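Working notes, beginning with the structure itself.
Rule-based calculations on the coordinates, nothing more; no lab input. The structure presented is a predicted model; accordingly, all values stated were derived computationally and were not measured. Cβ placement follows ideal geometry from the backbone for every residue including glycine, while neighbour counts extend to all protein chains displayed.
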Amino acid sequence: MSKLALLFFLLFTFFNSSTVTSLYSPSPPAAPFSQTIPDPDSSPRAEWLFAHATHYAAAEALGGACGYADIPNGMATAALSEALFDRGQICGACFELRCLEEDSDFDRRWCISGASVVVTATNFCAPNYGSDAESLSGHCNPPKQHFVLPIEVFEKIAIWKSGSGNMPVQYRRIECRREGGIRFTISGSGIFISVLISNVGGMGNIVGVKVKGSKTGWLSMGRNWGQNWHVNALLQNQPLSFELTASDGRTVKSYSVAPKDWTFGQSFQGKQFHDTSI
């Protein structure tokens, strides 16, 4: 082979090997695939907000404007000002409160450092429009965020002292933890059916209710007041099922909660929001 032919052969071999190498060279390794599934227990709690709290001397828990006639003994309850009560839509919600030690208007010596309490919204603190919102008698006037606590609860986060009852606090919404299932108490007469819904876990407050008999489809119920919901329908002699929607959008269905022979005045227990029940 001549030197010229040998040169052409070598050049041909070089360019072809380079082309093959560039077409089939391995790519950098792909990043490993991962799927992120939100962990409900790792979600951050709501931020702390500013409010005030006073106390009352009565030892018994109050259902009041939410309609809870049967509050478990020892449950920490609270009446909420108009700015928080939201016409009863907040009934059943849970809040964590702590004394605001940094506030100069309240003697920080009376705060119990590091202590907090969890309370359930069960009542309404009515505004007093005859008094200024900045006065003690107007503490529940709009736009003030205010909690009224039993004295026993108040004293878990602050040492009571005459004249120091209007306590600056921080609060935040938290999920409610309840024992047992959601309770449905049925009242009414004839075609008027009223259901009080209590012992709700999760967000605690219900924003939508449907009821279903064995002879009907799902019927939407209207909020009567507090957590009392009603519908005009003849549902006697039918087992009743309920669908609840909480304020965070989660729903839970309880089928045949009330048996076919249910009567007015009875209470029944249904499913609980599963990730918050204990």
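Below is a table of values for the structure above.
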quantity	calculated
Integer Hz, Karplus 6.51/-1.76/1.60 couplings in order for segment 149-160, x for Gly and Pro	10, x, 4, 5, 7, 3, 6, 7, 10, 8, 8, 5
Relative exposure of TYR171, TYR56, judged by other C-beta atoms within 10 Å (fewest first)	TYR56, TYR171
Residues in segment 180-195 that a label on LYS215 would reach, taking backbone N under 16 Å of a point 7 Å out along Cα→Cβ	190-193
Cβ-Cβ FRET estimate between ILE112 and ALA69, R0 fixed at 41 Å, reported to 0.05	0.80
Entries of LYS215/LYS253; LYS215/LYS271; LYS212/LYS271; LYS144/LYS253 with Cα pairs more than 27 Å apart	LYS144/LYS253
At most 16 other Cβ within 10 Å, DSSP loop - chymotrypsin sites (Phe, Trp or Tyr not before Pro), segment 213-274	PHE264
Long-range HN-HN contacts of ALA53 with modeled amide H, under 5 Å	PHE147, MET167, VAL169
Alpha carbon centroid spacing (whole Å) that separates segment 121-164 from segment 216-244	35
Extension reserve of the TYR255-PHE192 stretch, reckoned as 0.36 nm per residue once the Cα distance is removed	20.6 nm
Nonlocal amide H pairs with ASN224, under 5 Å, H built at 1.01 Å	TRP229, HIS230
